[in-house]
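One structure below.
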Amino acid sequence: MNDQEYWNFPYDHYKGFIVGQVQNNHYQQRNIFFYPPQTQEKCEIFVETTDSENGVCGVNGNIKMFFADQQGSCESQSGTIEGVFAGSQYTWSSLHGQQDDSVLYEVYDNIAGDGPVSQKQLTTLHTVNGVDHRTRTAQGFNPDGTNSYASFYRERKVSKEEFYKEMNRVIEDYAILDEDLKMNGPGKYFKVDMEFVDGKMVPKPDPEWAKTVQELIGSAQLFEAFLETAHDFPDVEDRQIDTHTHQLYEQVSGASTLFSKLLGATILLVSLVL
């Protein structure tokens, strides 16, 4: 299967919107990427749009959603936070640089992270005219170790008002159909557990979230509801850390420094994939 059959929208220039939130030793992030309509040249090669029943190649764009939750561990000596991504891969984030201004994000296959490397990202945290920015490069790999892709992202922090105003403008500019304002990409599996039924793995959606999706599907309000779950820590009592543990983070792991760098990361992302 070629890249067009997998996802028949341009990868060389698209836009994304990211919301992240820190609470105690946890970091949650939600991403939505918006892809413009495919080029006419590519549509002549492969005309079918992917994940869109009525979308027209070269006319309508589409979206993908991603989500990841990470947490710090007092056993970590390097300020690392880690967690599951997309239900099937494991991630680590660690702080680097002479000024603690670089974040290395790693993704490995398998739920335990013992499989082949899938992706590595290096993010530089910096300011431009007083505005927080993140500049990020990523390397993607196939399971056999061969190169899959490389990408370059430029991100800037904006107000919540500007964030959602720009998101709605992109939906209009990319002519994304109402029917495609839905959970898509890895987002299909957001708040979905898998369980064995009659020897088969069957998805078990969270009832409350499934109701929200049903009510908001076809509206940009669904995207806002998804992004805002970055601020939702439902098991807050289990996530509390006592004063002694907090001191360990300060003195031993360095995780609190990484959290402070990530805190309040409501970011408008414009990405360029090479």
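A residue that is assigned to a loop (DSSP other than H, G, I, E, B), out of contact with any Phe, Trp or Tyr (no Cβ under 9 Å at 6 or more places or on another chain), among the small types (Gly, Ala, Ser) and farther than 18 Å from Leu177 by Cα can be found somewhere in region 61-73. Do we have any residue at all in region 25-47 that's aliphatic (A, V, I, L, M) and more than 27 Å from Gly218 (Cβ to Cβ)? So far as region 25-47 goes, yes, one or more of its residues are aliphatic (A, V, I, L, M) and more than 27 Å from Gly218 (Cβ to Cβ).
Applying the condition of being under 20 Å from Asp178 (Cβ atoms) and of a type outside the set (Asp, Glu) to region 197-217 and asking which residue is surrounded by the fewest Cβ atoms within 10 Å (Cβ to Cβ) yields Gln214. Of Val56, Val47, all but one fail to be of a type in the set (Val, Ile, Thr), surrounded by fewer than 17 Cβ atoms within 10 Å (Cβ to Cβ) and modelled with pLDDT of 90 or more; the exception is Val56.
Screening Phe163 with (1) in contact (Cβ under 8 Å) with a residue 40 or more places away in the chain; (2) out of contact with any Pro (no Cβ under 7 Å at 6 or more places or on another chain); (3) at positive phi; (4) of a type outside the set (D, E, K, R) gives one miss only, at (3).
Considering the conditions (1) touching a Cys at 6+ places or on another chain (Cβ under 9 Å); (2) modelled with pLDDT of 85 or more; (3) not acidic (Asp, Glu), Gln98 is excluded by exactly one of them, (1).
Look at region 1-44 and say how many of its residues are among the aromatic types (Phe, Trp, Tyr) and assigned to a helix (DSSP H, G or I).
1
Of these, Gln139, Gln99, which one is surrounded by fewer than 18 Cβ atoms within 10 Å (Cβ to Cβ), free of Cβ contacts under 8 Å to residues at least 24 places away in the same chain and out of contact with any strand residue (DSSP E or B) (no Cβ under 6 Å at 6 or more places or on another chain)?
When all the criteria are applied, what remains is Gln99.
In the set (1) surrounded by 14 or more Cβ atoms within 10 Å (Cβ to Cβ); (2) touching a Gly at 6+ places or on another chain (Cβ under 6 Å); (3) over 24 Å from Gln70 (Cβ atoms), Asp178 fails one condition alone, (1). Filtered by the rule that a residue be in contact (Cβ under 8 Å) with a residue 12 or more places away in the chain and assigned to a loop (DSSP other than H, G, I, E, B), region 166-199 gives Tyr174, Ala175, Ile176, Leu177, Leu181, Lys182, Met183, Asn184, Phe190, Lys191. Got at least one residue in region 105-121 being acidic (Asp, Glu) and in a strand (DSSP E or B)? Yes, region 105-121 contains a residue that is acidic (Asp, Glu) and in a strand (DSSP E or B).
Yes/no matrix, rows are residues, columns are (1) in contact with a Phe, Trp or Tyr (Cβ under 8 Å, 6 or more places away or on another chain); (2) of a type outside the set (A, V, I, L, M):
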{"position": "Ser118", "(1), (2)": "yes, yes"}
{"position": "Phe152", "(1), (2)": "no, yes"}
{"position": "Glu179", "(1), (2)": "no, yes"}
{"position": "Met183", "(1), (2)": "yes, no"}
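Among the residues of region 112-125, those that are surrounded by 13 or more Cβ atoms within 10 Å (Cβ to Cβ) and free of Cβ contacts under 8 Å to residues at least 60 places away in the same chain comprise Gly113, Gly115, Val117, Ser118, Gln119, Lys120, Gln121, Leu122, Thr123, Thr124. Can you pull out every residue in region 128-172 that is among the acidic types (Asp, Glu) and under 17 Å from Tyr105 (Cα atoms)? Result: Glu155, single match.
The values are calculated or read from the model by the stated rules, or taken from the named source; none is laboratory data. Everything quoted here is computed from the prediction, not taken from an experiment. We place every Cβ from the backbone using ideal geometry, glycine too, and count neighbours over all the protein chains shown.
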